[in-house]
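The values are calculated or read from the model by the stated rules, or taken from the named source; none is laboratory data. Everything numeric in this text was worked out from a predicted model, so none of it was measured. For neighbour counting, all protein chains shown are included, and Cβ atoms are generated from backbone atoms with ideal geometry for every residue, glycine included. These accessible areas exclude ligands, DNA and RNA; they are computed on the full protein's heavy atoms, side chains included. Shrake-Rupley method; radii C 1.70, N 1.55, O 1.52, S 1.80 Å.
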Amino acid sequence: MLNRAFTKREKVLLLVLVMILLGLVYYRFVRLPVQERIAAADTTVLEQQMEMEQQKSAIIKQMQEDIENGQKEVNGIVASYDNLKAESAALNTIFAQATSFNFSFEQPVATDDAVRRTINISFTATNYQIARRIIQQVHDCAYRCLIKDISVSADSDKMQQYANLENATISGSMSVTFYETLNGATTTNGLTTSDGSAVQSSSVGLGNSSLDLAQSSLETMAESLAGDAADTIAAGAGF
């Protein structure tokens with residue numbers, strides 16, 4: 001049996017060999033698995049983003065179909081001024097589904113015998129389905145109205161990087177203009193005119209009024225969600 005002490009040179013070579021072996025073991029069993037897990041996690045996030053965008057695209061497509069159908073319909077009656085109490089009651093019934101809501105009333109404006117009353121609304125809903133139903137019910141209100149400036153967004157969960165449009169709490173806002181007429185009205189109190197002139201109590205009938213209400217309220221909402229989708233894609237790409 002050969003028994004001798006290693007020289008200093010041999011000890012250095014053995015130490016280098018051991019370090020190389022340790023480095024290979026670290027790379028194979030520590031660093032490489034960690035990199036694979038990171039790559040898998042990145043793929044999962046991208047897949048979640050793609051799935052969310054596909055959901056948004058499907059929702060927007062359905063809303064666009066609703067727009068095409070809604071543009072052919074004009075809903076609601078044009079009530080005589082002052083119909084604020086009935087309109088407020090209808091809105092309160094609809095927004096009872098919301099988690100919270102706030103109404104801001106603008107002064108009604110008369111043009112000839114047509115009256116426009118704008119109410120600015122902000123609200124939160126438990127999920128998208130409820131928010132969508134609220135907007136649809138406002139659109140289908142018994143009193144003639146036009147919805148404008150719709151903004152809808154999903155509130156992100158602190159534990160999630162991206163909000164799920166289907167399940168996240170929804171924050172929304174809109175401007176709803178109700179249309180009334182001075183035909184048959186018993187008062188003109190609270191009315192102003194677009195040109196600042198005095199409101200005439202006499203009525204000339206709806207034939208001289210312009211009430212172009214063919215625009216569907218869902219169009220603005222679809223555009224808003226499409227913009228949100230584009231922002232999310234840009235954020236995920238690192239732009």
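Ordering of 171-180, 23-32 by packing is 171-180, 23-32, highest average first (other Cβ atoms within 10 Å, averaged per residue). Modelled spin labels at T187 and A142, positioned 7 Å past Cα toward Cβ, are 2.1 nm from each other. Take 183-194, 131-142 and order them by the average number of nearby Cβ atoms within 10 Å per residue, most first; the result is 131-142, 183-194. Quick one: pull the percent of accessible area on region 79-142 belonging to carbon and sulfur, 1.4 Å probe, ligands and nucleic acids left out. That fraction is 52 percent. For D149, the solvent-accessible surface with a 1.4 Å probe is about 110 Å², rounded to the nearest 10.
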